[in-house]
1. Among the numbered criteria (1) out of contact with any strand residue (DSSP E or B) (no Cβ under 8 Å at 6 or more places or on another chain); (2) touching a residue at least 12 places away in the same chain (Cβ under 8 Å); (3) over 14 Å from His161 (Cα atoms); (4) surrounded by fewer than 20 Cβ atoms within 10 Å (Cβ to Cβ), which one does Asp244 miss?
2. When region 41-65 is examined, which residues are found to be surrounded by fewer than 14 Cβ atoms within 10 Å (Cβ to Cβ) and assigned to a loop (DSSP other than H, G, I, E, B)?
3. Filter region 198-241 for residues that are crowded, with 21+ Cβ neighbours inside 10 Å, aliphatic (A, V, I, L, M) and farther than 23 Å from Arg150 by Cα and give the result.
4. Considering only region 66-104, state which residues are outside any loop (DSSP other than H, G, I, E, B), in contact (Cβ under 8 Å) with a residue 60 or more places away in the chain and of a type in the set (D, E, K, R).
5. In this structure, does Ala74 turn out to be modelled with pLDDT under 95, surrounded by 14 or more Cβ atoms within 10 Å (Cβ to Cβ) and either more than 27 Å from Ile118 (Cα to Cα) or of a type in the set (A, V, I, L, M, F, W, C) (or both)?
6. Report whether or not Met102 is surrounded by fewer than 24 Cβ atoms within 10 Å (Cβ to Cβ) and closer than 20 Å to Asn54 by Cα.
Amino acid sequence: MKRITTGLLTTVILHTMINAQQEIPLYTVVPNSKPAENLEKSVTGTDGITRISNVSVPTITVYKAAGGTGKQPAVIICPGGGYAILAVSHEGIDVAKAFNEMGVTAFVLKYRLPDDRIMEDKSIGPLQDAERATQWVREHATEYNIDPHRIGIMGFSAGGHLASTLSTHYGETVIANPRKTSLRPDFSILIYPVISFSDSIGHRGSRERLIGKAPAAAAIQKYSNERQVNKKTPPAFLVHAKDDRTVPWQNSEQYYEALQKNKVKARVFYYERGGHGFGMHNKTSDLKWMDALKEWLRDQHIL
């Protein structure tokens, strides 16, 4: 067979290899699971947003930062969606690519959504996946040229609840961890996050899906993460719009105040307008929170 190689063909192949993303299952055997049909579905709406539902096989997708010398920081991104879906495009893939431009390797986490159909205990399912993602990235840091001491967690909306849960509950090991790998993120980035499950400012839909429609007071307390901050909670960067009617901005305020009280480094970036779910681009303002985040990451010696 005659082999033909042209400059154009070589360029196309190289471009494909560089841009191909690696999706990795988090587990060989998914813990805390029941035998159930895989009903996962991915739909792209007329708004251009891709939403994934019924996740039962959790994965991480690798977005490797190109170039650079020395070990790179990494971030694990948890898309939002009220613990009902994952808005994986504008709160996941797009953000990962922006981090790559900063020299940060990103991992988009497709975490299980709380569901009695597929889980023995739905309240810990998402946390298991966040812990496992952190464990996996840290244990594979060398092969991805990652600094194991600069691995952060990021979340949008309910993904922000998951990220803040990991940041405050990392000591509650809900996965197998034979190597005793640290599950603590080195920093967290929380974008219009659900923080509290309180009646006053909590997001009722996220609360009901994670801990049920009639949760015990102890469960509400446990997953109201502003109440779980201590001096070892990772530094955090938060973003919120003050006209957010879905997740009140006081979620970010109370978490920030708890960090300040415990002398943990933090910054909160408020917009006056913008509502909820704007991703990286708040169309009501010329100010880009990603620019402020980049500055903060430099101040924390992460970049």
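1. (4)
2. The answer is Gly45, Thr46, Asp47, Gly48.
3. Leu210, Ala241
4. Glu91, Asp94
5. Details: modelled with pLDDT under 95: no; surrounded by 14 or more Cβ atoms within 10 Å (Cβ to Cβ): yes; either more than 27 Å from Ile118 (Cα to Cα) or of a type in the set (A, V, I, L, M, F, W, C) (or both): yes.
Judged against the criteria, Ala74 is not a match.
6. Numbers: surrounded by fewer than 24 Cβ atoms within 10 Å (Cβ to Cβ): yes; closer than 20 Å to Asn54 by Cα: no.
Judged against the criteria, Met102 is not a match.
Residue-wise test of (1) within 28 Å of Met102 (Cα to Cα); (2) modelled with pLDDT of 95 or more; (3) not acidic (Asp, Glu).
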{"position": "Phe237", "(1), (2), (3)": "yes, yes, yes"}
{"position": "Asp244", "(1), (2), (3)": "no, yes, no"}
{"position": "Ala258", "(1), (2), (3)": "no, yes, yes"}
{"position": "Lys261", "(1), (2), (3)": "no, yes, yes"}
{"position": "Val268", "(1), (2), (3)": "yes, yes, yes"}
{"position": "Glu272", "(1), (2), (3)": "yes, yes, no"}
{"position": "His276", "(1), (2), (3)": "yes, yes, yes"}
{"position": "Lys294", "(1), (2), (3)": "yes, yes, yes"}
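Every residue, every condition in (1) part of a helix (DSSP H, G or I); (2) within 18 Å of Ala236 (Cα to Cα); (3) of a type in the set (D, E, K, R), yes or no:
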site: Ala106; (1), (2), (3): no, yes, no
site: Arg132; (1), (2), (3): yes, no, yes
site: Glu143; (1), (2), (3): yes, no, yes
site: Ile151; (1), (2), (3): no, yes, no
site: Met154; (1), (2), (3): no, yes, no
site: Leu162; (1), (2), (3): yes, yes, no
site: Pro178; (1), (2), (3): no, no, no
site: Thr181; (1), (2), (3): no, no, no
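The values are calculated or read from the model by the stated rules, or taken from the named source; none is laboratory data. The model shown is predicted, which means the values in this text are computed figures rather than measured ones. We place every Cβ from the backbone using ideal geometry, glycine too, and count neighbours over all the protein chains shown.
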